[in-house]
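Chemist: The structure follows.
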Amino acid sequence: MAKKDKKGFRIPKEIGGVKVPKEARRAGEALIEKASSPAGRQMLASGLAMAATAAAAVAARQARDHGPASNANAAGESGTASVDPSRVADALGDAASAFMTSLFARSAK
């Protein structure tokens with residue numbers, strides 16, 4: 001009997017010496033297939049943006065609760081720097097873009 005030629009990403013039966021159940025592999029493969037569509041990429045980007053927003057809100061709340069951040073001055077005193085939410089969101093977006101590009105470039109081969 002000839003093997004079926006399945007396209008796309010396949011999750012291995014064992015990862016790091018741990019057996020991955022068939023149901024989990026099938027669910028993961030379906031999720032990866034859905035994520036490789038344009039709509040799936042949009043959902044992933046939206047989720048990452050929401051996570052960045054939540055992280056920025058937590059950082060802002062912590063800064064507010066702990067008083068104003070004291071920045072290091074020219075004398076070299078140590079202090080905590082405030083977090084810029086837009087820079088956090090930009091960094092997460094860049095990381096997600098790089099990850100998605102590398103992920104889908106590998107699966108297209």
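Chemist: Sort out which residues of the range 6-15 are outside any strand (DSSP E or B) and more than 22 Å from SER102 (Cα to Cα), and write them in order of number.
Modeler: Correct list: LYS13 only.
Chemist: If you check GLN42 against the conditions, is it out of contact with any strand residue (DSSP E or B) (no Cβ under 7 Å at 6 or more places or on another chain) and closer than 20 Å to PRO85 by Cβ?
Modeler: No; evaluated as a whole, the condition is false for this residue.
Chemist: A follow-up question, please. Do we have any residue at all in the range 24-45 that's free of Cβ contacts under 8 Å to residues at least 24 places away in the same chain, among the basic types (Lys, Arg) and under 27 Å from ASP90 (Cβ atoms)?
Modeler: Yes - at least one qualifying residue is present in the range 24-45.
Chemist: Okay, next question. How many of the residues making up the range 1-56 are at pLDDT 85 or above, exposed (fewer than 13 other Cβ atoms within 10 Å of the Cβ), more than 21 Å from the chain's Cα centre (by Cα) and among the hydrophobic types (A, V, I, L, M, F, W, C)?
Modeler: Qualifying residue count, the range 1-56: 1.
Chemist: Answer yes if at least one residue in the range 18-37 is of a type outside the set (A, V, I, L, M, F, W, C) and under 19 Å from ALA98 (Cβ atoms), and no otherwise. Steps first, answer last, please.
Modeler: First, the residues of the range 18-37 that are of a type outside the set (A, V, I, L, M, F, W, C): 19, 21-23, 25-26, 28-29, 33-34, 36-37.
With the extra rule that they be under 19 Å from ALA98 (Cβ atoms), the set shrinks to 36.
Yes, the range 18-37 contains at least one residue that is of a type outside the set (A, V, I, L, M, F, W, C) and under 19 Å from ALA98 (Cβ atoms).
The values are calculated or read from the model by the stated rules, or taken from the named source; none is laboratory data. Please read these numbers as outputs of a predicted model, since none were measured by experiment. FYI the Cβ positions are ideal-geometry reconstructions off the backbone, even for glycines, and counts take in every protein chain you see.
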